Every structure is written in C-alpha cells, then in structure tokens.
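**Student:** Following this message is one structure expressed as structure tokens.
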Amino acid sequence: MTLTPTSLCSADGCCSGGEVIESLGPNCDSLRSRMALTQVSSNKCAGGFQKVFEHESVELKCKMKFAVYLPPKAETDKCPVLYWLSGLTCTEQNFITKAGSQLAAAEHGIIIVAPDTSPRGCGIEGEDESWDFGTGAGFYVDATQEPWKTNYRMYSYVTEELPKLINANFPTQPDRISISGHSMGGHGALICALKNPGRYKAVSAFAPICNPVQCPWGQKAFGGYLGSDRSTWEAYDATVLAAAYSGPQLDILIDQGRDDQFLSASQLLPDNLIAVCSEKKIPVVFRLQPGYDHSYFFIYSFMSDHIKHHAKYLNA
C-alpha cells in the first residue's frame, strides 16, 4: 500500500491506499515522491491500528521506517501526536512490541509515532562497527563531520521532515504534539523540547542521557558526529540547554530505575539536569524507581503514567 498527501481517511484510521493525489495538481511530482509512504505492516491493536511505514527520507538520504499507532478516535477525528524516540541499538520495533503504550494511547486518543534511531544501509565505512556509534546510534544530532554529515541528520529528521510527513498523511492536530523517549531517545526528546520552545506541549523521558558532554557515550558520539570542538556539542546537551532555556513553561517527567547499570556507570547523569532545572525553576518530576533497570520491563511498568502526563497537556 502506498499513501500520498491529501488521501482520505479510511475505516482503519489511516489514509487510504492508491494515488489519491488529483488535488495536488500536475506539478507536484517532487512533493508526491517526498511524502509517499509504503505500508510495511498493519495490526489491529487496542481498538486501533499499529502500523509501520517506509519512505525515502530527504534529510537522511536513505529509506527509513517509522511506526505509527492510530487510536480508535483517529477513524473519525483529528488527534494529537506523541513522538517517541528510542535508545541505542533499537529500531521502530522495540517500542511498539515491548512498551505497552497502545492501550493508554487508545484511551486518551493520542497518535504515537516512533521512528528508527539512525539512517541504515548508507554504505559508510565503519557505520556497523560499534553498537553505540553509527547504525542504531544516531544520537538525534545533525552531524557536521565527514563521512557522517550527509546522512546522519536525525535531529532535522525528527523535528522537521517526519512531522511534515505525519501531518500530510494522518489525521493529526499539528499544533498539539509532545515528545518522549528512552536513554539516547530520552536525550533526544529533552533536547528537541528545549531547543524548540513552545513547539511541544510536554516532554518525558525514561532513563535519559541528561548531560552527554560529560559522559562516555556522549563524548564518543559527539566527537564523531560533531568534531573535536566541544563548544559545538553543547547545542545537543539537555543540561546545557536547560541552563539557557527562556521559553514557555515546559513540564518534564523523568523516570529512572535505581538499579540501572548505566546510572551507576555515570552515563546518564540525571542529577546534573535536575540541579539546573531547579535553579532555572523548570518544573521537573523526577522519580527514582527502586529495583528497576534500564530495560523495556522498566518502561512498560510506567508507560501509562507517561501517556497520562502527555494527555494532560495534549488534550487540554
């Protein structure tokens, strides 16, 4: 199934297949090719549909997949959108098969979009050598260094290209979006919200990398993607961005497992972010959850709380 802008919504809450593009006029071939989606899978779930699509990304210059959950409400009405950013090594599949988000999303009438975590199959030397750099580890930055800068533009993909694609193909409320994520994706969610004051109605994160300029994961990724000038790294560090934030009030929810091995390894550094937010009077609910680790078992346990957090602002 191929979807195109201005398609009509069908009974499964998604744009119908086929070339429903007459209203775009005869000179819109480039728009058509940029916005066209190919449906990879569709499964009835929690009264709605869990779908996966593939498209040719302009920003990343490769084929990309993303998952979208369409709640029952999407069959008849436009819905707000929650963007979910996954962590290191993940694809769009981890979240939709493990997090248990669909029931709460159905209840609150929220579309959830979960992209992949990096470009794939770009033929870049070394892209598959490490689990924490390259494939599956885009870190939601726009790379400035060779050989990464042509393809590794996940920040622009997540904040610009993907929302345009979603709004063109699904029954969304474009002015009602929020963002969440886990680990590397928690870092991504926080920086997207902090770098774009007023765009996201709410933000939440599970075990986010809060201060990447100070941790081994961040230093490796930023050094490779952004170069040796550490001052350029600060544009993608939630703790640094929070210190300079001057936008509308942003209510942040963070859950962190106390038994998370990466917390004890100083990869996450939530205390640094919390201290800055406290100083800047940025509202943060930080919950240290005893006994929980870094896995999707942890995410599953508190996902409904996060959906409720977003629904409070998205449905206000």
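The values are calculated or read from the model by the stated rules, or taken from the named source; none is laboratory data. Small disclaimer: the values here were computed from a predicted structure and weren't measured. Ideal geometry is used to build each Cβ from the backbone, glycine not excepted, and the neighbour counts take in all protein chains shown. To get the accessible areas, we keep the full protein, side chains included, count just its heavy atoms, and leave off ligands, DNA and RNA. Shrake-Rupley method; radii C 1.70, N 1.55, O 1.52, S 1.80 Å.
**Student:** Just the residues that are farther than 17 Å from Ala243 by Cα and either assigned to a helix (DSSP H, G or I) or open to solvent by 10 Å² or more (accessible area, probe 1.4 Å) (or both), please, taken from the range 201-212.
**Tutor:** Selection gives Lys201 alone.
**Student:** Just to be sure before I move on: is Glu161 closer than 28 Å to Thr232 by Cβ, in a helix (DSSP H, G or I) and not hydrophobic (A, V, I, L, M, F, W, C) in the structure I sent? Explain how you work it out, then say what you get.
**Tutor:** Values: closer than 28 Å to Thr232 by Cβ: yes; in a helix (DSSP H, G or I): yes; not hydrophobic (A, V, I, L, M, F, W, C): yes.
Criteria met by Glu161.
**Student:** Among the numbered conditions (1) over 19 Å from Phe133 (Cα atoms); (2) outside any loop (DSSP other than H, G, I, E, B); (3) of a type in the set (A, V, I, L, M), tell me where Ala221 comes up short.
**Tutor:** Condition (1) is where Ala221 drops out.
**Student:** Could I ask something else about it? Search the range 135-148 for residues that are at pLDDT below 95 and hydrophobic (A, V, I, L, M, F, W, C) and pair each with any residue that is crowded, with 24+ Cβ neighbours inside 10 Å and not in a loop (DSSP other than H, G, I, E, B) when their beta-carbon atoms are under 8 Å apart and the residues are at least 6 apart or on different chains.
**Tutor:** none
**Student:** Based on this model, can you work out whether Pro216 counts as open to solvent by 40 Å² or more (accessible area, probe 1.4 Å), over 30 Å from Ser101 (Cα atoms) and not charged (D, E, K, R)?
**Tutor:** Working: open to solvent by 40 Å² or more (accessible area, probe 1.4 Å): yes; over 30 Å from Ser101 (Cα atoms): yes; not charged (D, E, K, R): yes.
Yes.
**Student:** Return only the number of the condition from (1) more than 11 Å from the chain's Cα centre (by Cα); (2) assigned to a strand (DSSP E or B); (3) closer than 20 Å to Met35 by Cβ that Arg176 does not satisfy.
**Tutor:** (3) is the only condition that Arg176 fails.
**Student:** For the range 252-262, does any single residue satisfy the condition of being within 22 Å of Ser101 (Cβ to Cβ), in a loop (DSSP other than H, G, I, E, B) and in contact with a Pro (Cβ under 7 Å, 6 or more places away or on another chain)?
**Tutor:** No; the residues of the range 252-262 include none that is within 22 Å of Ser101 (Cβ to Cβ), in a loop (DSSP other than H, G, I, E, B) and in contact with a Pro (Cβ under 7 Å, 6 or more places away or on another chain).
**Student:** Return the total of residues in the range 263-311 being touching a strand residue (DSSP E or B) at 6+ places or on another chain (Cβ under 7 Å) and in a helix (DSSP H, G or I).
**Tutor:** Total satisfying the criteria: 10.
**Student:** Going by the conditions given, is Phe286 at pLDDT 95 or above and open to solvent by 60 Å² or more (accessible area, probe 1.4 Å)? Steps first, answer last, please.
**Tutor:** On the way: at pLDDT 95 or above: yes; open to solvent by 60 Å² or more (accessible area, probe 1.4 Å): yes.
Answer is yes for this residue.
**Student:** If a residue must be in contact (Cβ under 8 Å) with a residue 60 or more places away in the chain and either surrounded by 22 or more Cβ atoms within 10 Å (Cβ to Cβ) or β-branched (Val, Ile, Thr) (or both), how many such residues does the range 227-258 contain?
**Tutor:** Going residue by residue through the range 227-258, those that are in contact (Cβ under 8 Å) with a residue 60 or more places away in the chain are 227, 232, 236, 251-252, 254.
With the extra rule that they be either surrounded by 22 or more Cβ atoms within 10 Å (Cβ to Cβ) or β-branched (Val, Ile, Thr) (or both), the set shrinks to 232, 236, 252, 254.
So the count comes out to 4.
**Student:** Taking into account only those residues within the range 41-94 that are in a strand (DSSP E or B) and basic (Lys, Arg), which is most open to solvent (accessible area, probe 1.4 Å)?
**Tutor:** Of all residues in the range 41-94, those in a strand (DSSP E or B) come to 41-45, 48-57, 62-70, 79-85.
Still in the list and also basic (Lys, Arg): 44, 51, 63, 65.
On the way: Lys44: 133, Lys51: 1, Lys63: 116, Lys65: 77 Å².
Applying the filter and picking the extreme gives Lys44.
**Student:** For Gly291, state whether it is surrounded by 13 or more Cβ atoms within 10 Å (Cβ to Cβ), free of Cβ contacts under 8 Å to residues at least 60 places away in the same chain and farther than 26 Å from Gly198 by Cα.
**Tutor:** no
**Student:** If you go through the range 95-121 one residue at a time, how many are within 24 Å of Ala207 (Cα to Cα), touching a strand residue (DSSP E or B) at 6+ places or on another chain (Cβ under 9 Å) and not in a helix (DSSP H, G or I)?
**Tutor:** Number of matching residues: 12.
**Student:** Quick check: anything in the range 122-143 open to solvent by 10 Å² or more (accessible area, probe 1.4 Å), in contact with a helix residue (DSSP H, G or I) (Cβ under 6 Å, 6 or more places away or on another chain) and farther than 20 Å from Ala207 by Cα?
**Tutor:** Scanning the range 122-143, I find at least one residue that is open to solvent by 10 Å² or more (accessible area, probe 1.4 Å), in contact with a helix residue (DSSP H, G or I) (Cβ under 6 Å, 6 or more places away or on another chain) and farther than 20 Å from Ala207 by Cα, so the answer is yes.
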